[in-house]
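Here's the structure, in structure tokens; my notes come after.
The values are calculated or read from the model by the stated rules, or taken from the named source; none is laboratory data. What you see is a predicted model; the values in this text were computed from it and never measured. Here Cβ is always computed from backbone atoms with ideal geometry, including for glycine, and neighbour counts include all displayed protein chains.
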């Protein structure tokens with residue numbers, strides 16, 4: 001049953017040292033506020049799952065919170081490389097990080113299998129690719145009907161998934177629209193699901209019958225955090241802050257500059273600051 | 001004649017390879033520009049698909065990422081990421097997968113994963129994302145990249161996505177039924193695979209380009225077709241379309257600063 005609470009409490013009650021955690025969002029609706037709260041609370045030894053770890057995972061890895069990364073594309077979308085992730089993988093700074101790498105197709109299938117309660121996913125994938133040689137979790141199965149050999153990967157089943165969404169109603173049902181990504185699967189695959197939302201409304205009475213909705217009984221905790229996806233965006237609320245993604249390339253290039261930026265913008269900040277950051281990016285409703 | 005840069009020539013030559021009948025899975029960067037120039041000039045009915053789930057998108061400005069809101073706003077429909085990879089890509093509905101590359105070899109195998117050893121990399125690159133299955137499940141694959149000795153190498157460090165392997169019928173032997181890379185468009189030339197060996201061969205050079213220029217920026221010994229054509233220079237409409245698109249894009253991304 002979804003319980004409404006402040007973000008600080010939602011993160012404290014649902015994330016633990018050593019957890020396998022997914023902060024999902026496919027460019028759109030990235031749960032930045034939740035990730036920053038996790039950074040402030042200083043969790044350790046996390047296994048971080050995400051198809052497209054971008055700035056927030058760069059920050060979490062740079063702060064030494066992750067022992068392992070499970071991902072399919074570790075880049076700053078449209079900008080370049082993740083410099084903190086690179087520093088961890090190439091130089092072990094501030095700690096070494098184990099890497100389990102997949103393709104998008106495999107991870108999407110693995111989340112879906114997790115949501116479906118299956119132990120693994122099968123796909124026509126990885127043919128000729130190098131990843132099966134370096135990732136022992138990529139195996140194969142033979143179709144019992146046609147004999148076709150298919151790739152097999154374990155399902156993804158996080159201890160906790162964090163996502164950001166447009167709105168919740170008073171009961172705690174959650175509505176996601178626009179580029180819906182992998183969030184529904186990631187929430188349903190996890191033991192606990194924590195959602196930050198732009199706003200809480202009375203009900204979804206006027207909504208289209210086929211919208212992407214997570215019923216309140218699939219969600220553990222909801223926190224209202226306007227602007228909580230920044231510098232990612234929330235469709236219908238505010239635009240992507242592309243300039244921030246470009247700026248991150250400079251900030252993250254240097255260890256000291258990175259630490260100073262984190263101090264000013266994350267450690268000394270609070271969830272309420274996100275609303276201010278998106279003021280100039282708001283779209284007309 | 002119009003003045004144009006090698007990069008503009010590359011994008012425009014790449015755009016010409018696409019038709020209104022194509023269903024194109026678009027990689028970010030150079031492919032994205034080419035696909036949208038095609039849509040805005042000779043291929044208005046092309047279906048552009050980005051891996052974030054947007055189908056039939058018609059962005060007014062080029063997206064910075066594969067998941068910009070502009071793609072969803074202008075799409076016919078937006079589906080979830082698992083649906084995108086399962087029903088649309090794996091289901092065989094993509095006619096052209098359009099990829100960029102950090103490192104490529106003569107058989108169209110691509111590396112965007114690491115420079116150096118996988119476990120102790122010299123440079124950790126972002127990785128494959130959608131590319132491994134775009135390369136194997138799209139009916140055919142086009143690749144576009146600017147030529148350089150660092151990018152076009154004798155031997156790639158990692159097989160992020162499979163082209164023609166060591167050449168010949170290696171795709172078939174691995175159970176891959178699709179055609180694989182059939183076209184490589186660089187800033188200097190247009191390349192197609194040899195029908196037998198599958199080695200990329202220069203079939204057309206862009207205006208003003210010499211064989212020496214192609215060879216000097218390529219890490220393997222280049223094969224040229226017996227009859228070498230000259231790529232037609234960009235038309236005024238093509239150049240204007242590309243430049244307007246870039247100007248709109250720059251203005252839009254700058255506008256979000258602060």
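List of remarks:
- For segment A:115-151, a residue qualifies if it is within 11 Å of chain B (Cβ to nearest Cβ) and within 21 Å of the chain's Cα centre (by Cα), and the qualifying residues are A:115, A:116, A:121.
- Residue list for segment A:133-170, filter: surrounded by fewer than 17 Cβ atoms within 10 Å (Cβ to Cβ) and not in a strand (DSSP E or B): A:133, A:134, A:136, A:137, A:143, A:144, A:145, A:146, A:147, A:148, A:170
- Counted residues, segment A:227-269 - those being crowded, with 17+ Cβ neighbours inside 10 Å, more than 9 Å from every other protein chain (Cβ to nearest Cβ) and more than 23 Å from residue A:200 (Cβ to Cβ): 8
- Some residue of segment B:35-47 being out of contact with any strand residue (DSSP E or B) (no Cβ under 6 Å at 6 or more places or on another chain) and under 17 Å from residue B:250 (Cα atoms): yes
- Reported count of residues in segment B:101-133, each being part of a loop (DSSP other than H, G, I, E, B), more than 14 Å from the chain's Cα centre (by Cα) and more than 18 Å from residue A:136 (Cα to Cα), is 6.
- Scan of segment A:102-121 for residues that are crowded, with 22+ Cβ neighbours inside 10 Å and not in a loop (DSSP other than H, G, I, E, B), ordered by number: A:104, A:105, A:106, A:107, A:108, A:109, A:110, A:111, A:112, A:113, A:114, A:121
- Checklist (1) at negative phi; (2) touching a strand residue (DSSP E or B) at 6+ places or on another chain (Cβ under 7 Å) applied to residue A:181, failing item: (1)
- Residues (assigned to a strand (DSSP E or B) and surrounded by 20 or more Cβ atoms within 10 Å (Cβ to Cβ)) located in segment A:171-182: A:174, A:176
- Residues satisfying the stated conditions in segment B:44-65, i.e. without any contact (Cβ under 8 Å) to a residue 40 or more places away in the chain, surrounded by 22 or more Cβ atoms within 10 Å (Cβ to Cβ) and assigned to a loop (DSSP other than H, G, I, E, B): B:46, B:52, B:53, B:57, B:59, B:63, B:65
- Residue in segment B:66-85 that is modelled with the lowest pLDDT, counting only those that are part of a loop (DSSP other than H, G, I, E, B), touching a strand residue (DSSP E or B) at 6+ places or on another chain (Cβ under 6 Å) and within 11 Å of another protein chain (Cβ to nearest Cβ): B:66
- Yes/no for residue A:222 being within 14 Å of chain B (Cβ to nearest Cβ), part of a strand (DSSP E or B) and in contact with a strand residue (DSSP E or B) (Cβ under 8 Å, 6 or more places away or on another chain): no
- Set side by side, the residues A:95, A:86, A:124 differ, and just one is surrounded by fewer than 24 Cβ atoms within 10 Å (Cβ to Cβ) and outside the structural domain of residue A:241 (by TED's automatic domain parsing), which is A:124.
- Test: residue in segment B:109-117 that is in contact with a helix residue (DSSP H, G or I) (Cβ under 7 Å, 6 or more places away or on another chain), surrounded by fewer than 19 Cβ atoms within 10 Å (Cβ to Cβ) and either under 27 Å from residue A:86 (Cα atoms) or in contact (Cβ under 8 Å) with a residue 12 or more places away in the chain (or both): no
- Subset of segment B:19-37 (residues that are more than 14 Å from chain A (Cβ to nearest Cβ) and surrounded by fewer than 24 Cβ atoms within 10 Å (Cβ to Cβ)): B:19, B:20, B:21, B:22, B:23
- Of all the residues in segment B:125-141, those that are under 18 Å from residue B:29 (Cα atoms) and crowded, with 24+ Cβ neighbours inside 10 Å number 10.
- Whichever residue in segment A:55-85 is farther than 15 Å from residue A:102 by Cβ, without any contact (Cβ under 8 Å) to a residue 60 or more places away in the chain and at the interface with chain B (Cβ under 9 Å from one of its Cβ atoms) and, among such residues, is nearest to the chain's Cα centre (by Cα): A:85
- Residue in segment A:194-217 that is assigned to a helix (DSSP H, G or I) and under 24 Å from residue A:3 (Cβ atoms) present: yes
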